[in-house]
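What follows is a set of notes on a single structure, which appears directly below.
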Amino acid sequence: MLPKYKRILLKLSGEALMGDANYGIDHKVITQYAYDIKAVTDLGVQVAIVIGGGNIYRGMNEAETGIERAQGDYMGMLATVINGMALQSGLEKIGLYTRLQSAIKMEQIAEPYIRRRAIRHVEKGRVVIFGAGTGNPYFTTDTAASLRAIEIQADVILKGTRVDGIYTADPEKDATATRFETITFSEVYQKSLNVMDMTAFTLCQENKLPIIVFDMNKPGNLLNVIMGKNVGTLVKG
């Protein structure tokens, strides 16, 4: 069977990198992600990645931290670069070629984000990791993922979370919650479901870019999504 998607943007949660810890990076999670990503690149799938920074720093709540929102957001962007470096190391350890691009210039550790260069890298089979969000405060890494996916003309955004799709309610709190296999953008709005922040979600809708929400922490799930199996929830239309 051939992969259903040729070029993907994989959005990973920073919090997921903590594993069972309360902070930081669990090398076992990095290793699992690396092998799952290698499984799809071995099929010729072109992979770009945006990763959050919530395992290190979240700059959203000025009232709690005492740090103004813009400053906190920049701190969060730097956290995503640290996570990007960790994932880059894990990928290269098992033989993948990677490039880390940053929306904030830091030449010693990452290339500057250049759209055409990013496209060329994925065409050559390199895994491109986009760090530092959009480079602007007041935007989330969900928005960065949507923006980069559109810019590199990805076929789909794969949002890897710790739940296996979009539910009628929070499945961790409501045992009667049921999972949607597919849902439209309009239905997500109508049901007030939490998929991505509204800026990111609207970008995807306006550019007709489908989103698949799935459980990235289950080994093999990424490959199953790529092969078109019934994993997670597809948002389209």
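The values are calculated or read from the model by the stated rules, or taken from the named source; none is laboratory data. Predicted model only: the values in this text are computed from it and were never measured. Every residue, glycine as well, gets a Cβ built from its backbone with ideal geometry; the counts of neighbours run over all protein chains shown. Surface accessibility is based on the protein's heavy atoms, side chains included, excluding ligands, DNA and RNA. Shrake-Rupley method; radii C 1.70, N 1.55, O 1.52, S 1.80 Å.
Remarks
- Of all residues making up segment 58-82, the number that are open to solvent by 20 Å² or more (accessible area, probe 1.4 Å), under 14 Å from Gly14 (Cβ atoms) and modelled with pLDDT under 90: 2
- Taken over segment 175-190, the criterion of being closer than 25 Å to Gly52 by Cβ, open to solvent by less than 70 Å² (accessible area, probe 1.4 Å) and not aliphatic (A, V, I, L, M) is satisfied by Phe180, Phe185.
- Every pair of residues 6+ apart whose Cβ atoms lie under 7 Å, when the first sits in segment 108-137 and is within 23 Å of Tyr33 (Cα to Cα) while the second is hydroxyl-bearing (Ser, Thr, Tyr) and open to solvent by 70 Å² or more (accessible area, probe 1.4 Å): Gly125/Tyr97; Arg126/Tyr97
- For segment 105-136, filtered to residues that are assigned to a loop (DSSP other than H, G, I, E, B) and touching a helix residue (DSSP H, G or I) at 6+ places or on another chain (Cβ under 6 Å), the residue that is surrounded by the fewest Cβ atoms within 10 Å (Cβ to Cβ) is Thr134.
- Residue check for Ala145: among the aliphatic types (A, V, I, L, M), on the phi < 0 side of the Ramachandran plot, in a helix (DSSP H, G or I) and surrounded by fewer than 23 Cβ atoms within 10 Å (Cβ to Cβ): no
- Here Asn22 passes the criteria (1) more than 28 Å from Cys204 (Cβ to Cβ); (2) touching a helix residue (DSSP H, G or I) at 6+ places or on another chain (Cβ under 9 Å); (3) free of Cβ contacts under 8 Å to residues at least 40 places away in the same chain except the one numbered (2).
- Looking only at segment 191-207, and only at residues there that are without any contact (Cβ under 8 Å) to a residue 24 or more places away in the chain and under 14 Å from Ala149 (Cβ atoms), the one that is least open to solvent (accessible area, probe 1.4 Å): Thr202
- Those residues of segment 62-102 which are out of contact with any Gly (no Cβ under 8 Å at 6 or more places or on another chain), in a loop (DSSP other than H, G, I, E, B) and not hydrophobic (A, V, I, L, M, F, W, C), in sequence order: Gly66, Glu68, Gly95
- Every condition in (1) open to solvent by 60 Å² or more (accessible area, probe 1.4 Å); (2) part of a helix (DSSP H, G or I); (3) at pLDDT 95 or above is met by Gln153 except one, and the failing one is (2).
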